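Notes for the one structure printed next.
Quick note: the coordinates plus some simple rules give every number you see, no bench work behind them. Quantities reported herein were computed from a predicted structural model and do not represent experimental measurements. Please note: Cβ atoms are built from the backbone with ideal geometry, for glycine as well, and neighbour counts cover all protein chains shown.
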Amino acid sequence: MTIYLDYNATTPVLPEVADLVYKMMVDEFGNAGSRTHEFGVAAKRAVELARGQVANVVGAEKSEVIFTSGATESNNIAILGLREFAEANNKKHIITTKIEHKSVLEPIKHLQKQGFDVTYLNVGESGDIDVNELKAALRDETCLVSIMHINNETGSIQPIGDVCQALASHEAYLHVDAAQSFGKYPSDIDNPRIDLVSVSGHKLYAPKGIGTLILRRRDFTKPPLTPIYLGGGQEKGLRPGTLAVPLIAGFGLACELAQKNAQKWCEHAAFLKANLMDSLKALNAEFLCNPTSPYVLNFSVPGVNSEALMVQLKGIAAVSNGSACTSNSYTPSHVLSAMGLNEEKIAGSIRISWSHLTKTVPSDEICRSIKELL
């Protein structure tokens with residue numbers, strides 16, 4: 001039986017979450033916007049409960065939680081939603097990194113075509129930015145700094161606490177894509193200096209198609225976002241459309257469970273990672289960005305091509321060689337390229353990711369498959 005080891009791409013829905021989603025679909029199926037009967041009132045109550053469950057993960061207020069379809073939409077709203085403010089105040093400079101998810105890089109490139117100036121921070125082989133480079137890049141007209149917390153391909157953890165400190169006396173809005181860390185590795189993203197946090201439910205054992213954008217108030221004022229599409233007053237007018245109550249309720253419960261169990265989950269994940277690394281060291285494996293998130297390991301073995309290894313692992317383990325969102329592209333990973341890795345190392349890069357649900361990683365079988373390719 002194949003063991004699923006691609007949790008950075010997506011996670012299964014927890015049974016208790018699935019049960020709640022089913023209940024909200026079949027039994028309590030009201031529209032949260034219907035205020036004239038008990039079905040709508042119950043739906044609204046479920047949404048507000050979930051809003052609080054999401055907010056609690058990072059110490060936000062539930063009124064600061066906006067539900068979206070996932071981190072891609074949240075990233076687009078956070079970035080494109082600042083356009084009017086930036087243009088009106090002559091603050092058309094953005095700082096981001098070269099290793100962001102495409103749902104951050106592409107909206108920023110769109111603004112760049114509209115006359116915005118963008119600074120792309122470098123990363124070395126560690127996968128981390130240099131906060132001093134960020135400080136040097138700041139200008140009076142900098143409107144937005146967008147830096148992910150944990151990279152989806154390598155697991156590198158950006159120094160968000162240091163970034164917050166660097167921006168302590170600057171007015172730029174700070175956006176953090178926390179898709180890979182929210183609830184699972186909460187360190188630093190509860191910092192009140194972070195103005196905007198993007199999250200995907202399906203990275204946290206909730207269904208696909210639900211996520212959030214958290215908009216923290218600064219001096220009692222939310223970030224000045226304008227909606228990127230129109231059609232209703234839902235979610236305080238920022239994200240129109242009928243609320244997906246079942247998905248929202250499930251997402252809220254998943255957040256509550258993650259908050260209760262985060263430390264235990266991290267300890268189990270770190271144990272699995274240490275065992276896998278010990279096995280791979282005998283094959284002279286090269287590990288990318290160590291230390292990294294306990295939930296993922298990106299490595300290469302000299303002389304082994306990642307595509308060949310994934311074929312060799314069929315029936316043993318489901319793994320990846322990059323981002324699921326760009327898996328249809330045959331161009332080299334922009335993340336690994338930005339780290340300055342050579343073509344051979346990029347071509348041999350394998351990403352293995354797991355969760356607290358993973359009882360064991362088949363290290364012996366993985367190593368045996370690698371040896372067969374050497």
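Odds and ends about this structure:
- Approximating the spin labels as points 7 Å out from Cα along Cα→Cβ, the residue 31-to-residue 278 distance works out to 5.8 nm.
- Adding -39500 (n - 2.57) for every DSSP H run of four residues or longer, then dividing by how many residues the chain holds, sets the calculated 222 nm ellipticity at -11500 deg cm²/dmol.
- Matching label, Cα extents along the principal axes in Å computed from the structure shown, candidates (1) 66, 53, 33; (2) 78, 52, 49; (3) 66, 40, 36: (1)
- With contacts taken as Cα pairs under 8 Å and at least 6 residues apart, segment 217-374 reaches a relative contact order of 24 percent.
- Within the chain, the selection of entire DSSP H helices by a Cα span of 20 Å or greater along the long axis and an average Kyte-Doolittle value of at least 0.0 returns 38-57, 245-281.
- Zone of residue 114's modelled label, taken as backbone nitrogen in segment 214-248 under 18 Å from a point 7 Å along Cα→Cβ: 223-231, 238-240
- Note: segment 92-211, Cα convex hull, 103 Å³ per residue.
- Rounded to 5, the percent of DSSP beta bridges in segment 15-256 classed as antiparallel: 40 percent
- Projecting the Cα atoms of 124, 149, 259 onto the charge dipole of the chain, computed from C-beta unit charges around the Cα centre, puts 259 farthest toward the positive end.
- Top positive-direction residue, dipole computed over the chain with Cβ charges, set 80, 306, 237: 237
- Mean Cβ count within 10 Å, highest first, over the residues of peptides 339-347, 352-360: 352-360, 339-347
- Pairs from 44/98; 102/236; 92/208 whose Cα-Cα separation, in the structure shown, is over 31 Å: 44/98; 92/208
- Rounded to the nearest 20 debye, the dipole magnitude of the chain is 580 debye, with +1 charges on Lys and Arg beta carbons, -1 on Asp and Glu beta carbons, and the Cα centre as origin.
- A Förster radius of 51 Å combined with the Cβ-Cβ distance from residue 133 to residue 61 puts the calculated FRET efficiency at roughly 0.95.
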